[in-house]
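In what follows, a structure is listed as structure tokens, so that the remarks can point back to it.
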């Protein structure tokens with residue numbers, strides 16, 4: 001933990017130097033890798049697919065019972 | 001209060017990386033007392049939502065990795081917001097083609113997982129659909145029944161971050177979402193002109 005904090009403190013010091021405050025707004029520069037199209041989305045695992053099915057079934061059941 | 005619980009309460013900023021399920025209000029108190037602490041400054045970079053932040057989220061530099069590692073731990077240790085209130089996220093794509101490719105993958109699998117250190121969202125649809133967050137190639141997400149989102153608005157406010165309520169709910173890395181409904185269209189006004197963007201409803205798993 002102490003090492004992690006030391007690394008962070010050192011990082012914060014150099015980040016401040018390299019990127020002075022008052023930069024442009026984040027969204028105007030658009031550096032989100034999804035938005036820039038260079039970060040592929042993670043593929044769902046079998047467990048994820050089962051969870052997707054479960055949620056969709058629950059929503060369909062709730063919709064039917066709400067009618 | 002049982003003594004075990006009392007012992008687990010963070011008293012210093014460094015404790016935020018050790019204790020678990022910390023209430024954001026407690027974390028805000030602790031960080032506000034130590035404005036010069038590296039953790040406070042790391043969190044403030046996110047709440048300021050400006051250039052250092054966007055570089056840190058994506059950069060492969062060792063400094064950025066150190067920042068992401070700490071932010072990841074900090075977010076995971078905060079207690080999630082379990083109110084179940086929907087949150088919104090605006091997207092700002094560079095082109096219609098990139099948006100189409102991104103959306104196609106979600107439509108195909110009906111699934112999305114955050115693979116970055118965290119994904120910010122807003123409690124307010126008005127904020128999420130503002131010009132800063134949605135452009136003509138953008139889209140808007142409504143995330144229903146959030147489970148893992150951490151409400152950091154109080155923290156941002158107490159440490160003097162510039163935008164405490166622009167992106168006040170953060171979903172940590174690994175949060176998973178289901179595409180709950182077919183995307184609809186949402187009309188917005190930009191500079192007097194009407195733009196129409198996809199409106200996507202997701203539910204957190």
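Values quoted throughout were computed directly from the atomic coordinates according to the rules given, and no laboratory measurement underlies them. These figures come from a predicted structure and were not determined experimentally. Because the Cβ atoms are built from the backbone with ideal geometry, glycine has one as well, and the counts that use them run over all protein chains shown.
A few comments on the model shown:
- In chain B, the longest principal axis of the Cα atoms and the axis of helix B:96-109 are about 70 degrees apart.
- Computed E for residue A:56/residue B:115 - FRET, C-beta separation, R0 22 angstrom, nearest 0.05: 0.45
- The angle separating the long axis of helix B:62-77 from the principal Cα axis of greatest extent in chain B is about 80 degrees.
- Mean Cα-pair separation over length for chain B, i.e. relative contact order, pairs under 8 Å, 6 or more apart, %: 24
- The ranking of A:45, B:70, B:58 from fewest to most other beta carbons within 10 Å of each one's beta carbon is A:45, B:58, B:70.
- Taking the C-alpha atoms only, the angle from helix B:24-33 to the longest principal axis of chain B is near 60 degrees.
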